[in-house]
Amino acid sequence: MEKPFRPIPLETLARWIFRDLDGQPTVLGIPRDNFQVPDPKMALTRMGRSFAAPLGVAAGPHTQLAQNIVAAWLAGARFIELKTVQTLDELNVSKPCIDSEDATFNCEWSQELQLDQSFDEYLKAWVLLHAIAHKLGLKDPGVFFSMSVGYDLAGIQGEKVQRFLRRMRDAKAELPAAIEAVAQAYPAVKELPIAAELSNQITLSTMHGCPPTEIEKIASYLLTELGVHTWVKLNPTLLGPERLREILNKKCGFDITVPDVAFEHDPGWEDAMAMVRNLAATAKGREQSFGLKLSNTLEVVNTRTVFPANEKMMYMSGRSLHPLTLNLAHLVTEELDGQVPISFCGGADALNYPELVADGLSPVTVSTDLLKPGGYARLQQYLVNLDAQMTRLGAGSLDELAEKTAGEHKDGARGNLRRHAARVFGDKRFLTRDRPMATKGSRALGRFDCIAAPCQEGCPTNQNVPDYLWLVANGRPNEAADVILRTNALPGVTGCICDHPCMDRCVRNHYDAPLAIREVKRFAIENGTPAARKAGEKLDVRVAIVGAGPAGLGAAYYLALAGFGVTVFEARRELGGMPGGLIPPFRMGREPLAADVARIEALGVEIKLGVEIGKDLTLTQLREQGFKYTFIGVGAAAGKKLGIPGEDAAGVLDALAYLEKAKAEGKMELGQHVLIVGGGNSAMDAARSSRRFVKDGTVDLVYRRTRAQMPAAPEEIEACVEEGIGLRDLLAPERVQVENGKVTGLVCGVMKLGAPDASGRPRPEPTGEQLTLPCSTLIAAIGQDTVLGMLEGHKVERNRNGTLKVDASFETTEPGLFAGGDLVRGPASIIKAAADGRRFAEALAKRHGVEVAPEPILAKNEKTEALLARKARKTSPQTVPVLPLDQRGGFEVVHGKLSAEAAVAEADRCLDCDELCSLCVTVCPNRANQAYVTRPLSLELPSLVARGGKLVAEGSKPFAVTQSVQTINVGDSCNECGNCATFCPTADAPYKQKPRFWLDREGFETAKGDAFHMVREGDELRLEATLDGARHSLVRNGATAEYRGPKAVVTLKPESWEIVETAAAGELTEGEAVDLTACATLIALLAAEPAVVFAK
């Protein structure tokens, strides 16, 4: 970490909060639309005190600082489990310390503040919540503060922890000063009854490896000698190694290793239950209550690349922990006959929260879910969903909710929990993903203008996905179709069978499910009527396109729009390349491709079928016939050989030839045991086609890795499983078994997964064992090669992998000869090939003076705060209809279409990431990343040069900030946990790249690296910065402004930022250049004042 926390002074924090409450659309970055006050029927009494709802934030990053606690309360949390404190309060925590992209891990396990600082933060929050509740018209904050303390008895009995506990239980000495500080922003706080007892309850958070005897001693001491309500947090390892690994690794499929040592140094089941019974007996008859908190995080082996290498272990939480904690809660409840209350923490979210409350697990605290996009504001939906469920059942209290949920079972919360624990394994939200998350992109993150839609960046052809989704959501499919056709010549085809990399990048992956972008596209193009597009003004330049696949057709469409004369030559009698000749009819009918081709031909494109270039015509002859340019887009049309003995036997087929024949003939004799080797989409197509030919026999996929590493689209793999196709994984073909010249079996080596290879997937390694599979037909689908006989006699350079070497315009080393798609990339997707065709066409058009029109700006008129509020809510996806399994015996299209109503609803789930990102703002527990609103700024600052002792302008340099929402980082509150880096869709980390401001001068002066500090005194606004070690300042005062840098002093007019005067700041050498980029940066950052200046 660059430097320790610098907690915000209470008066400053109060001014920030109450200024925002007095008129800003957000408070601490929480939109007012996400504020939530619990309904009175949700009230709960536990541990000697009532609080307004059984919902809170768990001890962790969301309860370390006062502003964190306030943010959680605003969104609905009423049970605040304060960050764990211990006698060792000067820890060196590894950074980054949080990895919450999917299953969540951390390597940070206690407070980063000293004990006195922790008390100060909790006291600040206590007083602020009373003042804010009063400001919002509430009787009281309805909040419960729960202390979390560790780790051994000696430490807890030591003076440092004892002082903390005394002050938390009686803060009468410190309370008046805190009230006075808040009164500077909200005087009415002085009149409020604020109790001096912040908390009289402790959750004992014992470290991994603490023996049950020590836990029992501590808890007994807390109950009997200290006299506080005491709850004990237990570890998921209580399940035991066999049951835990069965749930985590087998039932839920997570590739997470729990080491044996995690069980060896944690309490076992029998010891733990004996301890709990003893403590329950100790508490019986006392005023102080005893309960359990389930569960702690799970110690696992660090296999991630996020944490420093010295962290050999990490601690798992979130959705992968949920089935473990839920089943542990059930087992503990049954073992203790429901006599010991249980608080729940382990993968709770807005969707399962009402069930957990009905299970009698209260309060429910969360942390991991709030680390995801939306952050604290996600809490609102927890209470909204609980209210909806209670209303639906007619439950007037939490007890009634449990009873009415049980219904005819009449077994209350305990029965609800039993049923919930059993059915959790059928909930996909708690199973491993089909493929890893793809959050990060390659775009650099700058200081300014970082908003861009990840889906659009993920699309190879850069489709304006947000615009066409918005248009469909707003009932404008005609315009949506126009948007699609600007960058995609094959919307019919890609609307059916695109591998949709856009959906992998969709931010909704972090909420519920990605947008069904492909299906919405299909709806728009099939139901919208785009504006008629005409061929461009003729250029008298002819272009030959070799291959009528996605690359060739894409090139033809955009070349025709630019005015070129275009002829497409296709060797087959079927148009469309792979989509036309090989994609099975059950995936796409003929109509989408026919509509796309008709649109292309309408522009005057000539298509010649049955003409093979290199055989019927040569490339040289094409040029002789008047084609100035030739684009080759024939694709990778030859299947790779298995390279094993016996593969020349009868019954061994190449997947591409097989798919072409299967589509053309619609019937094939394959025998009773079909094996398909491979894990890509062609393998899935071959397997599903074979299943339709082999009604009673077996069809199996053979793959040398596991399902998780298959490159095929997850939905295609799932379709195979649904249709009864077996997955024989971790098998590598070694030899084809042959009898009488025909295949009868496949001898495979049994593999295991090793270290990752260059692709990032685990490398399959042989175990030495073999397995023979019976086989009547063997289909090889392990990859494709290009066939380039047409290039014989042409000196076209190739890359080491055999692909053609091209420049940025797709021109090969032979002038006038271009190539794209698989020839350049290697075997790739349809959308990538189509994208290459378009980009080639645009590059060639530019060479001939035809510029591509810029994407029009669609006025959506969305309010920033409304967009931000939407980023806090889960919204269930629409269901895309599919053909029932019992009707899939033939080749009818399986994947259906969205209805108009469903398409609109699905498109409306879009989070408008092109309009507002702010993910780093929402996921920051400490509110260190702050968004601010600014006006577009465009400057043309002179490039100054020292001439004769003066600065003279020699040219100029543009500087612009175009987006209305920008982001800064508050260094005082940032602990560099790394969470914002995880979710930022760029390649970078906001806490590193965004301007880092310090709220006070000391922080600014002692900061390492670039730093900013802003202060207002009356009409004067002063911004200082350290950039690359040099000091800069900008002072605006009324109608004048002055910039001072290491080389220049510049006077400007603030209304226009026109330069009035320049002077050298010191001696400059003749010809020395003075760059004013720093001056422009400071001008742009003046707009950040509301985020960092909280003046009296």
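General remarks:
- Kirkwood Rh (inverse of mean 1/r, distinct Cα pairs), the range 26-430, angstrom: 21.4 Å
- Take every Cα pair under 8 Å whose residues are at least 6 apart in sequence, average their separation, divide by the length of the range 277-352, and the relative contact order is 39 percent.
- 0 to 90° range, to nearest 10: angle between helix 322-335 axis and the chain longest Cα axis: 50 degrees
- Each residue of the range 71-160 gets 130 Å³ once the volume of the Cα convex hull is shared out per residue.
- Taking LYS874, LYS752 and counting other C-beta atoms within 10 Å, the order from fewest to most: LYS752, LYS874
- Sum of side-chain charges, TYR186 neighbourhood, beta-carbon under 10 Å (Lys, Arg +1; Asp, Glu -1): +2
- Candidate lysines - alpha carbon under 26 Å from LYS950, same-chain residues fewer than 8 apart omitted: LYS1047, LYS1053
- Cα-based helix-to-principal-axis angle, 159-169 vs the chain, degrees rounded to 10: 80 degrees
- One chain, two ends: ALA177 and THR1006. Fully extended at 0.36 nm per residue, the span grows by 295.6 nm beyond their Cα-Cα distance.
- The range 919-1092, relative contact order in percent, only Cα pairs under 8 angstrom and at least six apart counted: 22 percent
- A full extension of the chain between ARG728 and ASP785 corresponds to an added length of 18.0 nm, given 0.36 nm per residue minus the alpha carbon distance.
- For the range 29-129, the list of GluC sites (Glu not before Pro) that fall in a loop by DSSP and count at most 14 other C-beta atoms within 10 angstrom reads GLU90.
- Local electrostatic count, GLU1067, Cβ distance below 13 Å [Lys/Arg +1, Asp/Glu -1]: 0
- With K and R counted +1 and D and E -1, the other residues having a Cβ less than 13 Å from that of GLU214 yield a net charge of -3.
- Two-site FRET efficiency, HIS848 against ASP22, from Cβ-Cβ distance with R₀ of 41 Å, rounded to 0.05: 0.10
- Computed over the Cα atoms of the range 1-94, the ratio of the radius of gyration to the Kirkwood radius (Rg/Rh) comes to 1.02.
- Zero-based 5 Å bins, Cα pair distances in the range 640-785, whole percents: 2, 10, 20, 23, 22, 14, 6, 2, 0
- Cross-link table LYS538/LYS846; LYS95/LYS428; LYS608/LYS805; LYS667/LYS832; LYS667/LYS695; LYS83/LYS233, entries beyond 21 Å C-alpha to C-alpha: LYS95/LYS428; LYS608/LYS805; LYS667/LYS832
- For the range 919-1092, the calculated P(r) over all alpha carbon pairs, in 10 Å bins from 0 to the bin holding the longest distance, is 10, 35, 34, 17, 4, 0 percent.
- Packing rank of 536-544, 145-153, 1059-1067, where each peptide gets the mean count of other beta carbons within 10 Å, highest leading: 145-153, 536-544, 1059-1067
- With Cα atoms, 0 to 90° folded angle of helix 477-487 axis to the chain main axis: 70 degrees
- Among the GluC sites (Glu not before Pro) in the range 796-858, those placed in a DSSP loop whose Cβ has at most 15 other Cβ atoms within 10 Å are GLU797, GLU851.
- In the range 195-337, the inverse of the mean reciprocal separation of distinct Cα atoms equals 16.3 Å; this is its Kirkwood hydrodynamic radius.
- Order by protection proxy (mean Cβ within 10 Å, highest first), peptides 723-735, 229-241, 547-559: 547-559, 229-241, 723-735
- Rounded to the nearest 5, the antiparallel percentage of DSSP beta bridges internal to the chain is 55%.
- Rg/Rg_globular for the range 722-802, with Rg_globular taken as 2.2 N^0.38 Å and Rg from C-alpha atoms: 1.55
- Ranked by how many other beta carbons lie within 10 Å on average, peptides 706-712, 302-308, 856-862 from highest: 706-712, 302-308, 856-862
- Length released on extending from LYS139 to SER964, taking residue separation times 0.36 nm less the Cα-Cα span: 293.2 nm
- Each residue of the chain gets 200 Å³ once the volume of the Cα convex hull is shared out per residue.
- Counting neighbouring beta carbons within 10 Å and listing from fewest to most, the residues VAL424, VAL568 come out as VAL424, VAL568.
- Estimated D of the range 923-970 in µm² per second, where Rh is the Kirkwood radius over Cα pairs and Stokes-Einstein applies at 10 °C, 1.306 mPa s: 116 µm²/s
- Sequence of ASP1028, ASP359 once ranked by neighbouring C-beta atoms within 10 Å, starting from the fewest: ASP1028, ASP359
- Distant-in-sequence amide H partners of LYS641 (H built 1.01 Å from N, under 5 Å): none
- Note: relative contact order over the range 26-430, using C-alpha pairs below 8 Å and six or more positions apart, is 18 percent.
No lab work stands behind these numbers, since they all come straight from the coordinates. The shown structure was predicted, so the numbers you read here are calculated from the model rather than taken from an experiment. Methodologically, a virtual Cβ is constructed for each residue, glycine included, from the backbone with ideal geometry; neighbour enumeration extends over all protein chains shown.
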